[in-house]
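Remarks on the structure that follows.
The values are calculated or read from the model by the stated rules, or taken from the named source; none is laboratory data. These figures come from a predicted structure and were not determined experimentally. Every residue, glycine among them, receives a Cβ derived from its backbone with ideal geometry; neighbour counts consider all protein chains shown.
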2 protein chains.
Amino acid sequence: MQTKECPDDICEQLCEHPQTICLAKKESISDNEAQQVAEIFKLLGDTTRVKILQVLSKRELCVCDIAAVIEMGQSAVSHQLRLLRNARLVRYRREGKMAWYSLDDEHVRSLLSQGIDHIKHR
Amino acid sequence: MQTKECPDDICEQLCEHPQTICLAKKESISDNEAQQVAEIFKLLGDTTRVKILQVLSKRELCVCDIAAVIEMGQSAVSHQLRLLRNARLVRYRREGKMAWYSLDDEHVRSLLSQGIDHIKHR
DNA sequence: CTAACATATGAACATATATTCATATGTTGT
DNA sequence: ACAACATATGAATATATGTTCATATGTTAG
């Protein structure tokens, strides 16, 4: 991302420390990467979706059962499932008129359980 | 949360599967827990904050250096740092007129690096 | 004390997001 | 074909969130 070497820290620049800044920039992730990372965490950053993912991490469930378990309306659940589906965090299969959802990302399972651990031990 | 045993799955209830729902409820986290988990991930779910946390994971930086590195205004950075400070994800120390920030949560360091790994390998 | 500076913060604004309601889609059983 | 049902989705609404601008706070140097 940064091609030039870091110049000496001559510090004409107010408080900024050019050399430190230059080093830090070299080690920083790109806008695009940061955005993608944020995207994943954003999906985990909603109470309803946390509940959905957590119950799906235990067993496959159909939409109306998810709604019953987390006590939310079918429509709200369905909207959230769409987001999770689009991001491929959940998998679904159709069986007759029912749609069965389950967790489809071991990485997310791990992040989720770490998040839960985190709040349980502090 | 659920004190009663799960009744047999007599299924008078439309599509819902009472026994499955009952079991799933027993294994589900509380509203409060889900909210706290979401709270953490919400903090990781913004591009600017991901960038801030990522650069702070490498080294301690003062506010205006953070702003320079991630190329954002001082005010925006300061506002975000407040959120991170309140959640104790970052630590800060004052040195004269400067404020030095660093990452203060190994759990978050781990979540962050997993998030970055995740998007890099897919 | 004053000026310059680093940081913090309140208010305003624009944008994003979650939920609800109404309705569409698609399946099953009669 | 029709009715009942499970799910999906568009539109509307309310709320939350991020950034900017202006300004406040607090520190240092002169």
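If you take just the helices (runs of 4 or more DSSP H) that sit entirely in the range A:1-98, which of them hold at least 3 residues that are more than 10 Å from DNA strand D (Cβ to nearest atom) and either at pLDDT 95 or above or not assigned by TED's automatic domain parsing to the domain that holds A:Leu112 (or both)?
Numbers: elements: A:18-27, A:31-44, A:47-58, A:63-70, A:74-86.
Ranges flagged: A:18-27, A:31-44, A:47-58.
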Q: Mind listing whichever residues of the range A:99-122 are more than 14 Å from DNA strand D (Cβ to nearest atom) and part of a strand (DSSP E or B)?
A: A:Leu103
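Considering only residues that are in contact with a helix residue (DSSP H, G or I) (Cβ under 8 Å, 6 or more places away or on another chain) and more than 9 Å from chain B (Cβ to nearest Cβ), which ones fall in the range A:70-89? Reasoning before the result, please.
Going through the range A:70-89, the residues in contact with a helix residue (DSSP H, G or I) (Cβ under 8 Å, 6 or more places away or on another chain) turn out to be A:70, A:72-74, A:76-78, A:80-81, A:83-84, A:87, A:89.
Hits for the range A:70-89 are A:Met72, A:Gly73, A:Gln74, A:Ala76, A:Val77, A:Ser78, A:Gln80, A:Leu81, A:Leu83, A:Leu84, A:Ala87, A:Leu89.
Could we say that B:Leu103 is away from chain A (no Cβ under 11 Å), under 13 Å from the mean Cα position of the chain (by Cα) and crowded, with 17+ Cβ neighbours inside 10 Å here?
So B:Leu103 fails the test.
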(Q) Would you confirm whether or not the range A:72-87 contains a residue that is within 20 Å of B:Ile21 (Cα to Cα), within 16 Å of DNA strand C (Cβ to nearest atom) and among the basic types (Lys, Arg)? (A) no
Q) Scanning the range B:44-69 for residues that are closer than 18 Å to A:Lys42 by Cβ and either touching a Gly at 6+ places or on another chain (Cβ under 7 Å) or within 7 Å of chain A (Cβ to nearest Cβ) (or both), which turns out farthest from DNA strand C (Cβ to nearest atom)? A) B:Gln54
Q. Consider A:Leu112 against the criteria (1) away from DNA strand C (no atom under 16 Å from the Cβ); (2) closer than 26 Å to B:His121 by Cα; (3) among the aliphatic types (A, V, I, L, M): it satisfies all of them except one. Which criterion is unmet?
A. (1)
Q) Which of the residues belonging to the range A:86-109 are touching a residue at least 12 places away in the same chain (Cβ under 8 Å) and out of contact with any Cys (no Cβ under 9 Å at 6 or more places or on another chain)? A) A:Ala87, A:Arg88, A:Leu89, A:Val90, A:Arg91, A:Ser102, A:Leu103, A:Asp104, A:Asp105, A:Val108, A:Arg109
Q. Out of (1) farther than 30 Å from A:Asp104 by Cβ; (2) buried (at least 21 other Cβ atoms within 10 Å of the Cβ), what's the single condition that is false for B:Leu83?
A. (2)
Q. Just checking, which of B:Val50, B:Val69, B:Val37, B:Val90 is of a type in the set (A, V, I, L, M, F, W, C), surrounded by 21 or more Cβ atoms within 10 Å (Cβ to Cβ), out of contact with any strand residue (DSSP E or B) (no Cβ under 9 Å at 6 or more places or on another chain) and within 25 Å of A:Ala24 (Cα to Cα)?
A. B:Val50
